[in-house]
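Note sheet for the following structure.
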Ligand code: SFD
Ligand code: AMP
């Protein structure tokens, strides 16, 4: 441990993460920082060119409202998100992002991202809100703009530095600490404001992929709950920790389904050839008014499919062969039909090659020709992702101009996207109750939060105090897994089996088993109950005790140790919140077997807060107010 040098970096705005939200934040912050003579520092645990969820690329931009093009209104988008989340959404936050997202998309295009155009030069839509792109280099394009902006404003980017936790000065955030995953360096970042954008959380639940497939997930495993841990540990109020996301994906390689359902107009059918969206239509009556909205909310679409699976009516198939044939047949001329068929085949493969390459590999390995035979789809394990169709994240202030007389005291406290902790801002997966922002909305929200954070710094321009005595303790705590491994590993012949410690991978398996069996994972068919959740909490408490015995052989494994510690906190916040909400509101995401229906008294946000001084959790209800009329 003596070999670890402490590096102290002092800055004005500290951006944590280097993904879509952080890159948006960097571009905007650099502009306002330059005007105000301030310094911006961004820290990413990976190499920003290919870090985060968009590492592999994407094949669509899922949020484009098209306000100036006259396609949709802001109100249309707010209503869409409200309905998809079964009524639980912060409409001020959704509107705040929706009114800026189109300009972000235009920036992407200016920076070189190829967006599909039709012969009249208009964007090709996948669905009402989604645009098709050639997106294999999406992240590289977005990262380049962020890096250029930082450089022009004399800002700094630290890559391959893993952030462990927050530094506080009383009730104000004062910075962050972490370590390099390449060199023996412990980092202390001192800042006047901190913007958290470290993504969501994957591998909290046991994944369907196991053994040789372990690591394959829909959302990336390197989103490991750091945003949730950081905000909880700083004492910030969190929201929608129960609103996990379960995506339906092509089975075993997690290829996305949006292009098939929306662009190719495909159906999904069960093993008997039945379309569960039709045969199970009556079930929607139980979930009114949301059972009647169009499109049917994502969790209800999942639920109808799950009912078939639970009755043994699987496998479920995406009818790719039927969809391709129907689209080609729609053309009158046989030569045109043939050409169209080839075009559709190419688009089907490209959809995966752009963003989920393993799905294309699995198709190739299992002799799938999408035009010839259907492919299996399945409900994936739960993910924590505030930017897609889940909603978990920090409870943040909305913008002042979007408040009503009702919402002002509840949803607004001074700075847009600031959490309940002074100077701590959140965006993308890190901020909650503002779903359906996706890649573009996360970037836009990063821009909004950064502009607001710079305003906070200008109006609170003092450097918070960092207690360097405490920092020394945090350094020892951060590096403890390495010290433990060094001290104990030679005492057994196999370094993985040792009574003195637990290695991060084994610890992760233990966490995943608890979540899977008690909190409604794949094995429990997404069902849980009060008794199961209470037992799960007991086991999580024991796991947290053993976290002190995590051991790491090298810097890479040290990162794995802290990633899993972060996951544990996301898990605990989740279990506490599903336990608190005594109803089932999102069947298809999770089902409380002991409270199997939706209840009026739970038409509210379920929030939670950890008190770092006492170690106590508080659960609280917050009201839902609409800002857009029905
Ligand atoms: O269709 C630390 N997403 C899609 N969005 C779209 O707009 N279109 C699509 O086609 C999308 N699809 C999709 C998507 C994601 C994935 C994985 C697939 C397919 C296969 C969703 C978006 O990608 C997502 O909404 C945004 O990326 C969210 O942005 P953000 O910034 O909240 O998260 P991030 O981009 O993952 O970045 C996280 C960053 O944090 C870093 N990090 N840094 C330091 N210390 C730590 N401890 C850290 N922990 C994490 C990461 O390195 C990264 O830089 S479709 O399927 O939905
Ligand atoms: P996905 O590939 O499932 O992430 O979907 C991409 C986008 O299409 C997201 O905005 C989804 O909400 C939307 N989407 C996917 N499937 C459907 C569907 N069957 N009906 C309506 N919207 C969908």
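The values are calculated or read from the model by the stated rules, or taken from the named source; none is laboratory data. This one's a predicted model, so the numbers in the text were calculated from it and none came from an experiment. Cβ sites come from the backbone with ideal geometry, for glycine too, and all protein chains shown count toward neighbours.
Summary table
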{"read-out": "Selection count, the stretch 522-557, where residues are under 17 Å from residue 203 (Cα atoms) and assigned to a helix (DSSP H, G or I)", "value": "6"}
{"read-out": "Strands (runs of 3 or more DSSP E) enclosed by the stretch 103-212 - at least 1 residues per element that are at positive phi", "value": "172-180"}
{"read-out": "Whichever residue in the stretch 26-49 is more than 9 Å from ligand 1 (Cβ to nearest atom) and within 14 Å of residue 142 (Cα to Cα) and, among such residues, is surrounded by the most Cβ atoms within 10 Å (Cβ to Cβ)", "value": "26"}
{"read-out": "Only one of 296, 257, 243, 204 that is within 16 Å of ligand 2 (Cβ to nearest atom) and under 16 Å from the mean Cα position of the chain (by Cα)", "value": "243"}
{"read-out": "Residue in the stretch 261-271 that is in contact with a strand residue (DSSP E or B) (Cβ under 6 Å, 6 or more places away or on another chain) and assigned to a helix (DSSP H, G or I) present", "value": "no"}
{"read-out": "Test result for residue 420, touching a residue at least 60 places away in the same chain (Cβ under 8 Å), out of contact with any helix residue (DSSP H, G or I) (no Cβ under 8 Å at 6 or more places or on another chain), more than 10 Å from ligand 1 (Cβ to nearest atom) and not assigned by TED's automatic domain parsing to the domain that holds residue 253", "value": "yes"}
{"read-out": "Yes/no for residue 86 being within 16 Å of ligand 2 (Cβ to nearest atom), under 23 Å from the mean Cα position of the chain (by Cα) and in a loop (DSSP other than H, G, I, E, B)", "value": "yes"}
